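Input: a single structure, listed below in structure tokens.
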Amino acid sequence: MTRIPSHGRPWPALAAELEAAKEGDYAWRRGRVPLYVYWLNEELARVQQEAYRIYWSENALGMRAFPSLKRLEDEVIAMSLDLLGAPAGAGATFTSGGSESIFLALRAARVRAAREQGISEPNIVIPQSAHLTFNRAADFQQIAVRRIPTGANRLADVAGMAAAIDANTIALVASAPNYPFGLVDPIAEIAALASARGLWMHVDACVGGFLAPWAKRLGEPVPDWDFSVPGVCSISADLHKYGMAAKGASLLLMRDDSWRALHRFESRAWERGPYAGYATTGTRPGGAIAAAWATMNFLGEDGYLDCARRILRARDVMVEGIAGIPGLEVLRPAGMCIFVWRATDKAIEHNALAAALDRRGWLVSRQQEPDGFHLALNPVHDEVAEDYVADVGAAVREVRGTANEDLRGQAVGQTY
Ligand SMILES: Cc1ncc(COP(=O)(O)O)c(C=O)c1O
């Protein structure tokens, strides 16, 4: 279709067309997509769809018109602050996603440094493993990024970060966990460094914010990373990842609610009158807030613990299963929900293996450094972990000693 049709078409025909259009997509409901999707089951999806529908047209830009939406947002924020060990007086902003949360965190650090220290050419010091969206957020705001190579353990190198700080540094960053390896940085040490140097400290828990607390309760070793760590100023935590909410939902949480003013825009220089907000966006979908609220209340602690239990079990089955296939290895330690595996036997060529897995219906997510296969698990992987291991085994047997150029976009660097 290249232009809007002259006459509208009935919904049943459109619905059928949309369903048919999806036929060639990967089967994410059956765990075939190891990124992008956080899926428990149809029941939770229906709850979210209904909640979204009830607040379908409400616009969170205008809370004056929709006080009920403000209450839902406040409750989502209060529940999240409680989960992440925030002290009294903390606050948060509901955003469209992890990238916006990170954008606002850097904005706050930049404004504070400009006001209090007159820094006009700021830089941030972050581990190499921090998400690339930090570079995008920094680029938009003319902030230089100093990415410090991680140590041999693939964790942030605190001494290296300390050495990179100069008079123009405004913030340090650490991940809980990072996306490439799923590992939690030594956040207490980095936060202590930030405090000692008077710097903003942001923890990127877009992945772990709504998983790490439950995983820890289930016995997973997770170092301290949240507001219980002195010196942590802000945390990004994605509701639309392991918060299991509908997409378009993340939080930027601040140790002190008044710091949110640092990323607030406000102006009256307009015929129309004042315009103000904490987010980068104007219109904000009420449905995303309602769906997040409904998800948290529908799952409850039991539900989140169940999600975490499923993810950890899937991780254990996959990690042990893959490590048991001759010629393969899993990078250790595996993260709580993310891990990377690769072939160590030269007769098993990664491109051929990727193509063989793709033929079996698995979307392959290739790690660039080191060359390998990356998985970010979600609860549905609990149901298919054994199938994945079996298919990896079969794919290895199939491709041993062969190379394959028919990659269908599964090559290294085609992660996105
Ligand atoms: C650790 C981490 N931070 C930030 C982001 C960005 O989140 P979003 O895609 O919601 O903008 C991601 C996305 O995968 C992530 O893994």
Fill in the blank from the handout: Between L18 and Q49, the two model label points (7 Å from Cα along the beta-carbon direction) sit apart by a distance in nm of 0.9 nm
Completion exercise
A student applying the Cα gyration tensor rule (rounded when a/c is under 1.5; otherwise prolate if a/b is larger than b/c, oblate if not) would label segment 101-168 oblate
Exercise for the section: Give me D for segment 300-397 in µm² s⁻¹, whole number, from Stokes-Einstein with Rh from the Kirkwood sum over alpha-carbon pairs, 20 °C and 1.002 mPa s. Expected result: 156 µm²/s
Handout entry: Residue order for R71, R260, R64, R360 - accessible surface, 1.4 angstrom probe, largest first
Key = R64, R71, R360, R260
Completion exercise
Given a Förster distance of 51 Å, the FRET efficiency implied by the Cβ-Cβ spacing of D306 and E121, rounded to the nearest 0.05, works out to 0.55
Problem - Stokes-Einstein D in µm²/s, Kirkwood radius over Cα pairs - the chain at 4 °C with 1.567 mPa s viscosity - result: 57 µm²/s
Exercise for the section: Any chance you could look up the accessible area of V317 with a 1.4 Å probe, heavy atoms only, rounded to 10 Å²? Expected result: 40 Å²
Completion exercise
Contact order relative to length for segment 241-335, counting C-alpha pairs under 8 Å separated by 6 or more residues, stands in percent at 24 percent
Problem - Mean Cα-pair separation over length for the chain, i.e. relative contact order, pairs under 8 Å, 6 or more apart, % - result: 21 percent
Fill in the blank from the handout: Expected field for E116, accessible surface area in Å² at 1.4 Å probe radius, rounded to 10, holds 140 Å²
Handout entry: GNM top mover of A15, A162, A385 - the chain, alpha-carbon springs below 10 Å
Key = A15
Problem - Simple label model, 7 Å out from Cα along Cβ direction - S195 to S267, nm - result: 3.9 nm
Handout entry: HN-Hα J in Hz across segment 59-66 - Karplus 6.51, -1.76, 1.60, θ = phi - 60°, x for Gly and Pro
Key = 10, 6, 5, x, 5, 4, 7, 10
Problem - Packing-based order for 338-350, 122-134, 23-35, using average beta carbon neighbours within 10 Å, highest first - result: 122-134, 338-350, 23-35
Exercise for the section: Apply the Karplus parameterisation 6.51 cos²θ - 1.76 cosθ + 1.60, with θ equal to phi minus 60°, to every residue of segment 142-159 and state each ³J(HN,Hα) to the nearest whole Hz, in sequence, with x for glycine and proline. Expected result: 6, 10, 7, 10, 10, 8, 9, x, 6, x, 4, 7, 6, 9, 3, 8, 5, 5
Problem - Dimensionless Rg ratio for segment 183-234, taking C-alpha atoms and the 2.2 N^0.38 Å reference - result: 1.14
Practice task
Just subtract the alpha-carbon distance of A167 and A114 from 0.36 nm times their residue separation and send over the number in nm, one decimal.
Solution key: 17.9 nm
Problem - Of all accessible heavy-atom area on the chain, the percent that carbon and sulfur account for (1.4 Å) - result: 53 percent
Practice task
Show me 42-49, 371-378 ranked by packing, highest mean number of other Cβ atoms within 10 Å first.
Solution key: 371-378, 42-49
Practice task
Express the accessible area of the chain per residue in Å², computed with a 1.4 Å probe while the remaining protein chains stay in the model.
Solution key: 46 Å²
Fill in the blank from the handout: Largest-first ranking of F265, F181, F140, F298 by accessible area, probe 1.4 Å, whole protein assembly kept, is F140, F265, F298, F181
Handout entry: Separation in nanometres of the label points that stand 7 Å from Cα toward Cβ, at E42 and S6
Key = 4.1 nm
Practice task
For segment 1-73, just say rounded, prolate or oblate: build the C-alpha gyration tensor, square-root its eigenvalues into a ≥ b ≥ c, call rounded for a/c under 1.5, and beyond that prolate if a/b exceeds b/c, oblate if not.
Solution key: oblate
Problem - Given charges at beta-carbon only (K, R positive; D, E negative), |dipole| of the chain in Debye - result: 880 debye
Completion exercise
Looks like segment 1-133, by Cα gyration tensor root eigenvalues a ≥ b ≥ c and the a/c under 1.5 rounded cutoff (else prolate when a/b is bigger than b/c, oblate otherwise), is prolate
Fill in the blank from the handout: Listed by chain and number, the residues whose amide H is under 5 Å from that of G372, excluding neighbours fewer than 5 places away on the same chain and using placed H, are Q367
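The values are calculated or read from the model by the stated rules, or taken from the named source; none is laboratory data. From a predicted model like this one, the values you see are computed outputs, not experimental measurements. Glycine also receives a Cβ, built like all others from the backbone with ideal geometry; neighbour counts cover every protein chain displayed. Ligands, DNA and RNA are stripped out before the accessible areas are found, and what is left, the full protein with its side chains, is counted by its heavy atoms. Shrake-Rupley method; radii C 1.70, N 1.55, O 1.52, S 1.80 Å.
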